[in-house]
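Participant: Just passing along the structure, written as structure tokens.
No value in this document is a laboratory result; all are computed from the given coordinates. These numbers come from a predicted model, not from an experiment. Please note: Cβ atoms are built from the backbone with ideal geometry, for glycine as well, and neighbour counts cover all protein chains shown.
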Amino acid sequence: MIAQLLLTLLLTLVVLYAWTQLRRSPVVGALSLLAAAAGLYIVWTPKHATVLAEIAGVGRGADLITYLWIAISLLLLLNLHLKLRSQMELITVLARSLAIAQATPERPGRPQ
């Protein structure tokens, strides 16, 4: 019972955060709301997780939840990696532009 209450509290915080992020990032906010709602449902009806696991061909509901958690975590890591890589490429382009702008010699008669 304590675990259910703790998980409910944490998932409720996720719901509140996702609700505030809906305007900034609608897809992420909606997916977070959906995941948190599914989490709340599974926390309070764990037997349904076992039924879903049997349908999916997994032994137990806890195993299904673990597999889903791993898959979601890997997708999030890939997304973060791609965003970081994109930002690094943008920084490289900006640094090159700045270096070229500062490296051009000043022409006589050109105002500084």
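Participant: Can you compute the FRET efficiency between W69 and L94 using 1/(1 + (r/R0)^6), with r the Cβ-Cβ distance and R0 = 35 Å? Round to the nearest 0.05. Working shown, then result.
Facilitator: Working: r = 37 Å, r/R0 = 1.06.
Plugging the Cβ-Cβ distance into 1/(1 + (r/R0)^6) gives 0.40.
Participant: While we're looking at this one, here's another question. In debye, nearest 20, what is the charge dipole magnitude of the chain about its Cα centre with +1 on Lys and Arg Cβ and -1 on Asp and Glu Cβ, if you could check? Intermediate values should be presented prior to the final figure.
Facilitator: On the way: 9 positive and 4 negative charges, 92 e Å.
Approximately 440 debye in magnitude.
Participant: If you don't mind, there's one more thing I want to ask. Each residue of region 76-83 in turn: what ³J(HN,Hα) in whole Hz from Karplus with 6.51, -1.76, 1.60 and θ = phi - 60°, glycine and Pro shown as x?
Facilitator: 5, 4, 4, 4, 5, 4, 5, 5
Participant: What is the angle, in °, between the Cα long axis of helix 2-21 and the longest principal axis of the Cα atoms in the chain? Nearest 10 is fine, range 0 to 90.
Facilitator: Helix 2-21 sits roughly 40 degrees off the main axis of the chain.
Participant: With a 10 Å Cβ neighbour count serving as the proxy for reagent exposure, in which order, fewest first, do L40, L64 appear? Mind showing how you got there, number by number?
Facilitator: On the way: L40 17, L64 21.
So the residues, fewest neighbours to most, are L40, L64.
Participant: Identify, among A56, M88, L11, the residue whose Cα sits farthest towards the positive end of the charge dipole of region 1-107, taking +1 on the Cβ of Lys and Arg and -1 on the Cβ of Asp and Glu, with the dipole about the Cα centre.
Facilitator: It is M88, whose Cα lies furthest towards the positive end.
Participant: Among the trypsin sites (Lys or Arg not before Pro) in region 16-112, which ones are in a DSSP loop with at most 14 other Cβ atoms within 10 Å of the Cβ? Mind listing them? Don't jump to the answer; show the numbers that get you there.
Facilitator: Working: sites: R23, R24, K47, R60, K83, R85, R96; in loops: R23, R24, R60.
Loop-located and lightly packed - R23, R24, R60.
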